[in-house]
Amino acid sequence: MSEVSTVQDFELNRYLGTWYEIARLPMKYQPEDSTDISAQYSLQDDGKIRVQNRCLDGNAELDESIGEATIVDANQGKLEVSFLPEGLRWIPFTKGDYWVLKIDADYRTALVGEPQQKYLWLLHRDVHLNDDVKAEYLAYAQHLGYQLDDLIHTVHTGRDTAAL
């Protein structure tokens with residue numbers, strides 16, 4: 001397993017807003033048949049980041065999960081996120097690493113993962129991402145040591161879950 005590096009000079013304020021999932025590695029909390037996946041990041045008064053993940057489940061019903069991210073290293077895009085209920089977020093070892101591995105200069109495309117190379121997300125500000133850019137970001141993930149054999153390419157049906 002190679003060392004996972006993150007971005008330099010990360011700008012949280014530019015990262016905030018709505019992102020759409022383009023691809024991801026499987027995870028037990030996210031059914032594989034989920035579609036139209038979006039994430040909205042907003043800064044709270046206490047300096048933490050509210051994370052609102054939305055998708056359509058296998059029955060095309062809206063599913064939502066609200067989490068909270070805290071900054072671990074602001075310059076290098078390292079955060080920790082928890083989706084536990086608010087009253088339980090204090091419990092140790094319940095936060096997951098959320099590291100920004102690659103981002104374009106315009107903050108339109110981002111690759112996010114964690115140091116054990118188990119989870120990975122390719123995000124974009126729109127539901128459509130140019131195939132060449134997608135290939136570039138996924139090749140970079142492989143360069144970092146991520147195994148993409150089980151990569152899920154997120155289906156977007158035209159229903160904008162961020163606006164529902």
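Listing for the model above:
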| quantity | calculated |
| --- | --- |
| Hits in the stretch 11-25 (condition: in contact with a strand residue (DSSP E or B) (Cβ under 6 Å, 6 or more places away or on another chain) and closer than 18 Å to Gly113 by Cβ) | Trp19, Tyr20, Glu21, Ile22, Ala23, Arg24, Leu25 |
| Complete set of residues in the stretch 101-114 that are in contact with a strand residue (DSSP E or B) (Cβ under 6 Å, 6 or more places away or on another chain) and assigned to a loop (DSSP other than H, G, I, E, B) | Glu114 |
| Odd one out for Asp126, checked against (1) in contact with a strand residue (DSSP E or B) (Cβ under 8 Å, 6 or more places away or on another chain); (2) surrounded by 15 or more Cβ atoms within 10 Å (Cβ to Cβ); (3) not hydroxyl-bearing (Ser, Thr, Tyr) | (2) |
| Subset of the stretch 137-154 (residues that are exposed (fewer than 15 other Cβ atoms within 10 Å of the Cβ) and either of a type outside the set (A, V, I, L, M) or within 15 Å of the chain's Cα centre (by Cα) (or both)) | Tyr140, Gln142, His143, Gly145, Gln147, Asp149, Asp150, His153 |
| Single residue of Tyr137, Tyr107 found to be among the aromatic types (Phe, Trp, Tyr), at positive phi and modelled with pLDDT of 95 or more | Tyr107 |
| Hey, Ser38 buried (at least 19 other Cβ atoms within 10 Å of the Cβ) and over 12 Å from Tyr107 (Cα atoms) or not | yes |
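The values are calculated or read from the model by the stated rules, or taken from the named source; none is laboratory data. Keep in mind that what you see is a predicted model, and the values were worked out from it rather than measured. Cβ sites come from the backbone with ideal geometry, for glycine too, and all protein chains shown count toward neighbours.
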